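The values are calculated or read from the model by the stated rules, or taken from the named source; none is laboratory data. Because the structure is predicted, anything quoted here is derived from the model rather than measured. Cβ sites come from the backbone with ideal geometry, for glycine too, and all protein chains shown count toward neighbours.
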Amino acid sequence: MQYLPDLMGDSLESYPRRVFIDVGLAEKEGERKSDWFKKNYPTRNKNFEMYNINIDIITAEEASTKEVSQIGMSDWLRKNVKDEEFVVMKAEAEVVEELIKRDTIGLIDELFLECRPHKKQENNRSRRAYWECLALYGNLRDKGVAVHQWWG
């Protein structure tokens, strides 16, 4: 796999801050990828701030029946990272769709997209049809996002 710093010949020195954000569903809290990042990503011996963020995906139906007061990932990004910083994220498809919808995807320099196709017998809302994963991947590429499919 080719990572963005390798493809661009980037030393990562020019960034005031380097960040890795692992955004996962709360239901999969034990599955963290920070260790993978430390072992495999070409950090160029630069420090990366590491964030592990758990989110709950709430459907519109659930939101109408509960009092929901949570910060969205887009809001978190706007408050915690700047355009001039180097930001790498691993995130579920639902999170990425929010970032696109709220126009904050541009804050991410390199993205590892976790989009798991569902199997016929599964009824899991965090999974989708394979073509939906491909469409999202293509949409991100069209927006200029350096994106990798995460098979984790």
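Some observations on this one:
- Residues satisfying the stated conditions in region 62-81, i.e. closer than 19 Å to Met50 by Cβ and either at pLDDT 95 or above or of a type in the set (Phe, Trp, Tyr) (or both): Trp76, Leu77, Lys79, Asn80, Val81
- Considering only residues in region 114-146 that are among the aromatic types (Phe, Trp, Tyr) and surrounded by 11 or more Cβ atoms within 10 Å (Cβ to Cβ), the one that is modelled with the highest pLDDT turns out to be Tyr137.
- Output for region 97-115, where each listed residue is assigned to a loop (DSSP other than H, G, I, E, B), among the charged types (D, E, K, R) and out of contact with any Phe, Trp or Tyr (no Cβ under 9 Å at 6 or more places or on another chain): Arg102, Asp103
- Residue, surrounded by the fewest Cβ atoms within 10 Å (Cβ to Cβ), within region 82-96, restricted to residues that are touching a helix residue (DSSP H, G or I) at 6+ places or on another chain (Cβ under 7 Å) and in a helix (DSSP H, G or I): Ala93
- Subset tally (residues that are over 14 Å from the mean Cα position of the chain (by Cα) and modelled with pLDDT under 95) for region 46-56: 1
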